[in-house]
Amino acid sequence: MTESMSEQQLQLSHSKRMKKLLDLLSAQSATSGLLLSSSSRKVRSGDQDYPFHQNRDFLYLTGCEDEGLVLLVHPSQSKSKKTTFQVTLLAQPTDKNRVLWEGRSSNVQGIAKSIGAELVVTKDFDAEVRTRLKHTERLFISNERDSRAWAMAQRLMSIPSHLRKQVPQQFHLADELLTPLRVRKDAAELRLIEEAAAITNSALFDTVPLLATGVSETFVAAGLDFFFQTRGATPGFQTIVASGRNAATLHHRPSAKKNLRNGELLLIDCGACLHGYSADITRTLPLSGSFTPIQRVIYNGVLRAQTAAFHSIRAGSLVRSVFLAAAEELTETLKEIKVLRGKTSALVKSRAFAPYFPHGIGHTLGLDVHDVGNLRGNEDAVFQEGMIFTVEPGLYFPKPIGKVPALGIRIEDDVLVTKQGCEIITEGFPKEIDEVEALMAPS
């Protein structure tokens, strides 16, 4: 595992992102600003909230996971009438009662300093924002509809036209600015995902001894989540543990009633998360210690499909070409097990594989597990250098067909897209058949 990033390194990366944002605002045809805020708490029931989940754009620019904050980037005119930008972080006065119950929040003053922001502590966010927007023609706003920033923007829009000389006239979604930044990962982001991948692989190794006949899917999932947490991470998404026919459900939720059975395959799709950045790895394991002949053929076909996809990825290539490279290998496998018959090219063209490979080849990965960039299921999308993308072919059989029992096999790794190709950043836990069987062999 790589050495963990220091707080100072993380703050430096946020400072660089803010500089890139200011460059994008400067290039706008109208004087422009950006309004974001922390996410709002979401009530689960009564006086209990769901775990707080920060707005990803806000987290990307500030690194702060606290609630109750507003980030405003706004133009201000200097004496030379040249447009410059000011960054303001708005925070509420300290609530002593909340501190008593929940403890103190992050060092907001330090966060403001790291991104070059003025920290303003106030109860009246609207007044502070409106005062600072008098030179702003276009305002980019968060589209998180239950956030403070969204509500503030709605109030600005509702001001009668004859009173709107000192407020923005144009409102755009922040995605326009931030997606091009977020889709290409900087060095700090890559480092965090690599660390999350190392933790995920390590947790998978620690979970193997738990894979005994008679234990439930939820038991295995809880073990993985525990191993993430003991390494300073959290689950990046709900851990998928699916055995037998359950693995044919793409996002199966682990069941307390489904016990592992000898002879079945077990699909595990999981990822540790650090500072908001998650890995995403899937492995399929034989619970008996070895694959049956039919399982072996299907598994090898999925593995070949992943390799073909790797070889097709490079900056500038289409998602479609990568998808079809994998689909061709999967179609060959479906022919080998006599599920499909015919000429491979014709079967691929007609998408005869779709009932058994019903999803795309992967998705971008970052602060969201299904990250920005519109590559998920979008075969017309183009890979860019610096993207991190999952490659996850699979074959799924919800019910027996011929000699194939009900099962699902998926193999997933995360790659960094480069000019020449891609670099796999999640290697560690085995996926070659011989290695998998050696790992799973009864001790």
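The values are calculated or read from the model by the stated rules, or taken from the named source; none is laboratory data. Note that the structure is predicted; figures quoted are calculated from it, not measured. Neighbour counts run over all protein chains shown; Cβ positions are idealised from the backbone, glycine included. The area values use the complete protein model at the heavy-atom level, side chains included, leaving out ligands, DNA and RNA. Shrake-Rupley method; radii C 1.70, N 1.55, O 1.52, S 1.80 Å.
Details
- Inter-residue pairs, beta-carbon under 8 Å, first closer than 22 Å to Gly428 by Cα and among the polar types (S, T, N, Q) and in segment 206-217, second in a helix (DSSP H, G or I) and open to solvent by less than 30 Å² (accessible area, probe 1.4 Å), 6+ apart: Thr207/Val220; Thr207/Gly223; Thr207/Leu224
- Count - residues of segment 413-435 that are crowded, with 22+ Cβ neighbours inside 10 Å and not in a loop (DSSP other than H, G, I, E, B): 5
- Looking across segment 20-48, the residues that are exposed (fewer than 12 other Cβ atoms within 10 Å of the Cβ) and within 27 Å of Leu192 (Cβ to Cβ) come down to Asp23, Lys42.
- Boolean, Ser255 is crowded, with 16+ Cβ neighbours inside 10 Å and of a type outside the set (Lys, Arg): no
- Output for segment 381-402, where each listed residue is assigned to a strand (DSSP E or B) and under 27 Å from Lys335 (Cα atoms): Thr390, Val391, Gly394, Leu395, Tyr396, Phe397, Ile401
Let's see how each residue does on (1) acidic (Asp, Glu); (2) free of Cβ contacts under 8 Å to residues at least 40 places away in the same chain; (3) closer than 25 Å to Lys20 by Cα:
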position	(1), (2), (3)
Gln109	no, yes, yes
Asp126	yes, yes, no
Phe140	no, no, yes
Ser147	no, no, yes
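- Residue ranges of strands (runs of 3 or more DSSP E) in segment 1-111 with at least 3 members at pLDDT below 85: none
- Strands (runs of 3 or more DSSP E) wholly inside segment 229-280 containing at least 3 residues that are under 24 Å from Pro405 (Cβ atoms): 240-243, 265-270
- Per the conditions (1) farther than 29 Å from Gly366 by Cβ; (2) touching a helix residue (DSSP H, G or I) at 6+ places or on another chain (Cβ under 8 Å); (3) in contact (Cβ under 8 Å) with a residue 60 or more places away in the chain; (4) of a type outside the set (Gly, Ala, Ser), the sole criterion not satisfied by Val87 is (1).
- Positions within segment 81-108 being polar (S, T, N, Q) and loosely packed, with under 13 Cβ neighbours inside 10 Å, in sequence order: Thr84, Thr94, Asn97
- Residues satisfying the stated conditions in segment 119-149, i.e. open to solvent by less than 40 Å² (accessible area, probe 1.4 Å) and either not in a helix (DSSP H, G or I) or not aliphatic (A, V, I, L, M) (or both): Val120, Thr122, Phe125, Leu133, Thr136, Arg138, Leu139, Phe140, Ile141, Ser142, Ser147
- For Lys403, the requirement of being basic (Lys, Arg), open to solvent by 20 Å² or more (accessible area, probe 1.4 Å) and over 23 Å from Val369 (Cα atoms) is met.
- Close pairs (9 angstrom Cβ cut-off, 6 or more residues apart or separate chains): within 15 Å of His252 (Cβ to Cβ) and buried (at least 23 other Cβ atoms within 10 Å of the Cβ) in segment 384-399, of a type in the set (Ser, Thr, Tyr) and at pLDDT 95 or above anywhere: Glu392/Thr282; Gly394/Thr282; Gly394/Thr284; Gly394/Tyr356
Residue by residue, here is whether (1) aliphatic (A, V, I, L, M); (2) touching a His at 6+ places or on another chain (Cβ under 7 Å); (3) crowded, with 19+ Cβ neighbours inside 10 Å; (4) more than 26 Å from Gln295 (Cβ to Cβ) holds:
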position	(1), (2), (3), (4)
Gln166	no, no, no, yes
Leu181	yes, no, no, yes
Ala187	yes, no, no, yes
Ile193	yes, no, yes, yes
Pro209	no, no, no, no
Ala212	yes, no, no, no
Thr218	no, no, no, no
Phe228	no, no, yes, yes
Arg245	no, no, yes, no
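- Residue list for segment 168-207, filter: of a type in the set (Gly, Ala, Ser) and within 20 Å of His363 (Cβ to Cβ): Ala196, Ala197
- When residues in segment 150-203 are screened for being in a strand (DSSP E or B) and in contact with a strand residue (DSSP E or B) (Cβ under 6 Å, 6 or more places away or on another chain), 3 of them pass.
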